[in-house]
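Here the structure is laid out as structure tokens; the discussion comes afterwards.
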């Protein structure tokens, strides 16, 4: 098992990876990139997930910041007239 302290990916064989899965996943969680090889060919690249593109919305976070108009749920008369006409 080889530990890499720099930012270059660590290369390990499939058998080594399988035998020490928990250890390597812990390293990935800490930011290490690991290349899994089979017969000197890279077959997988493990890296931490990318940060979310958009922050998660928190329910109720805009409470008291938004105001609904008093007539929000009233349909305008001209729209109602248009609904009564044939297509």
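No lab work stands behind these numbers, since they all come straight from the coordinates. The model shown is predicted, which means the values in this text are computed figures rather than measured ones. Please note: Cβ atoms are built from the backbone with ideal geometry, for glycine as well, and neighbour counts cover all protein chains shown.
Computing FRET efficiency as 1/(1 + (r/R0)^6) for residue 14 and residue 62, where r is the C-beta to C-beta distance and R0 is 35 Å, gives about 0.10. Each of 21, 83 was scored by other Cβ atoms within 10 Å of its Cβ. Listed from fewest to most, they are 83, 21. Rg and Dmax over the alpha-carbon atoms of the chain stand at 28.2, 78 Å. Sorting 55-66, 27-38 by average packing, meaning the other beta carbons within 10 Å per residue, from highest down gives 27-38, 55-66. With both residues required to sit in the chain, DSSP beta bridges show an antiparallel share near 55%.
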